[in-house]
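See below for the structure under consideration.
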DNA sequence: ACAATATCCTGCGAGC
DNA sequence: TGCTCGCAGGATATTG
């Protein structure tokens, strides 16, 4: 599920049914999440807002912040009590309108914890979180400067949350494919033109995915990630695959330079 | 500074 | 059918 557009989609799917509701109960099914703060401190509090920073989700209740990170398999869903509870439900918040917010996470790598509002930006993954790629102050100039300071491969940089927030393995591949840049290229070896293309396509790919609520069924044919033995959507050549940072990168040797 | 590796988990499909 | 293996849209600590 969860890269920037997916996290956005989760938030917009549940936002309206959360804001203004109070938390009337907490059920912790995964004891690794059982902290006093989660079990009792948020009880009775009203939900004021839900937002995102990188792939982290911030649920604001009075004075406290519930932090979620979906990692590989996490999801947040709102259900009626009588609806079947998914096998991998780790946490359930009972809401004042009778519904339930459920944190489902098959692989249990996700995060759910409560911190005081002022500590949200201090949690380890957020201290060095890079700029939001879709925000207005993420300018080409700042992107270019940051690229020049690195020597890693461009794929590593895109997936590195302290370089830019919210991009993972899939969108990293799609951004590079649309940009015509190979994942193995060095950040500080890109031409000005390539950097501009990359900047533009990064925002284009993420914006497009967000506009479709990360439901990519209509766009899938333009994608390269995960197409083992697949063909390039542009030129038809066989796609290439190699490991970068322990993850598979998919790309077209012909269309990407 | 960066790359590679192991780790946290569970489930699925491929290949035998 | 049942087994093992590799792999999965992530982040982090450790080692080289």
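The values are calculated or read from the model by the stated rules, or taken from the named source; none is laboratory data. What you see is a predicted model, and the numbers here were worked out from it, not measured in a lab. Cβ coordinates were reconstructed from backbone atoms using ideal geometry, including for glycine residues, and neighbour counts include every protein chain displayed.
Return the residues of the range A:216-244 that are assigned to a loop (DSSP other than H, G, I, E, B), loosely packed, with under 15 Cβ neighbours inside 10 Å and near DNA strand C (Cβ under 10 Å from one of its atoms); say none if nothing qualifies.
Within the range A:216-244, A:226, A:228 meet the criteria.
Quick check on my filter: what residues within the range A:35-46 are part of a loop (DSSP other than H, G, I, E, B), in contact (Cβ under 8 Å) with a residue 60 or more places away in the chain and either within 15 Å of residue A:94 (Cβ to Cβ) or under 12 Å from the mean Cα position of the chain (by Cα) (or both)?
A:42
Pairs please, first residue from the range A:217-242 and within 18 Å of residue A:183 (Cβ to Cβ), second anywhere and surrounded by fewer than 13 Cβ atoms within 10 Å (Cβ to Cβ) and modelled with pLDDT under 90, Cβ atoms under 7 Å, 6+ apart in sequence or on different chains.
From the range A:217-242, the pairs are A:233/A:221; A:241/A:228.
Counting only residues that are touching a helix residue (DSSP H, G or I) at 6+ places or on another chain (Cβ under 7 Å) and crowded, with 17+ Cβ neighbours inside 10 Å, how many does the range A:132-149 have?
The total comes to 3.
Those residues that are within 16 Å of DNA strand B (Cβ to nearest atom) and free of Cβ contacts under 8 Å to residues at least 24 places away in the same chain, I need them from the range A:243-257; list them, please.
Scanning the range A:243-257 gives A:243, A:246.
Tell me which residues, restricted to the range A:228-252, are out of contact with any helix residue (DSSP H, G or I) (no Cβ under 6 Å at 6 or more places or on another chain) and over 18 Å from residue A:184 (Cβ atoms).
A:228, A:229, A:230, A:231, A:234, A:235, A:236
Is it the case that some residue within the range A:159-170 is within 15 Å of the chain's Cα centre (by Cα), more than 9 Å from DNA strand B (Cβ to nearest atom) and over 23 Å from residue A:124 (Cβ atoms)?
Within the range A:159-170, one or more residues are within 15 Å of the chain's Cα centre (by Cα), more than 9 Å from DNA strand B (Cβ to nearest atom) and over 23 Å from residue A:124 (Cβ atoms).
When the residues of the range A:47-102 are filtered to those that are exposed (fewer than 15 other Cβ atoms within 10 Å of the Cβ) and within 19 Å of the chain's Cα centre (by Cα), which remaining residue is farthest from residue A:25 (Cα to Cα)?
A:72
Can you name every residue in the range A:81-113 that is more than 15 Å from residue A:42 (Cβ to Cβ), touching a residue at least 40 places away in the same chain (Cβ under 8 Å) and part of a loop (DSSP other than H, G, I, E, B)?
A:97, A:99, A:108, A:110
Which one of the conditions (1) closer than 21 Å to residue A:51 by Cβ; (2) outside any helix (DSSP H, G or I) does residue A:126 fail to meet, given that it meets all the rest?
All conditions are met except number (2).
Residues of the range A:171-193 being farther than 20 Å from residue A:248 by Cβ, away from DNA strand B (no atom under 16 Å from the Cβ) and in contact with a helix residue (DSSP H, G or I) (Cβ under 9 Å, 6 or more places away or on another chain), which ones?
Scanning the range A:171-193 gives a single hit, A:192.
Could you list all residues from the range A:245-254 that are farther than 15 Å from residue A:225 by Cβ and surrounded by 14 or more Cβ atoms within 10 Å (Cβ to Cβ)?
First pass over the range A:245-254, keeping only residues farther than 15 Å from residue A:225 by Cβ: A:246, A:253-254.
The answer is A:254, and nothing else.
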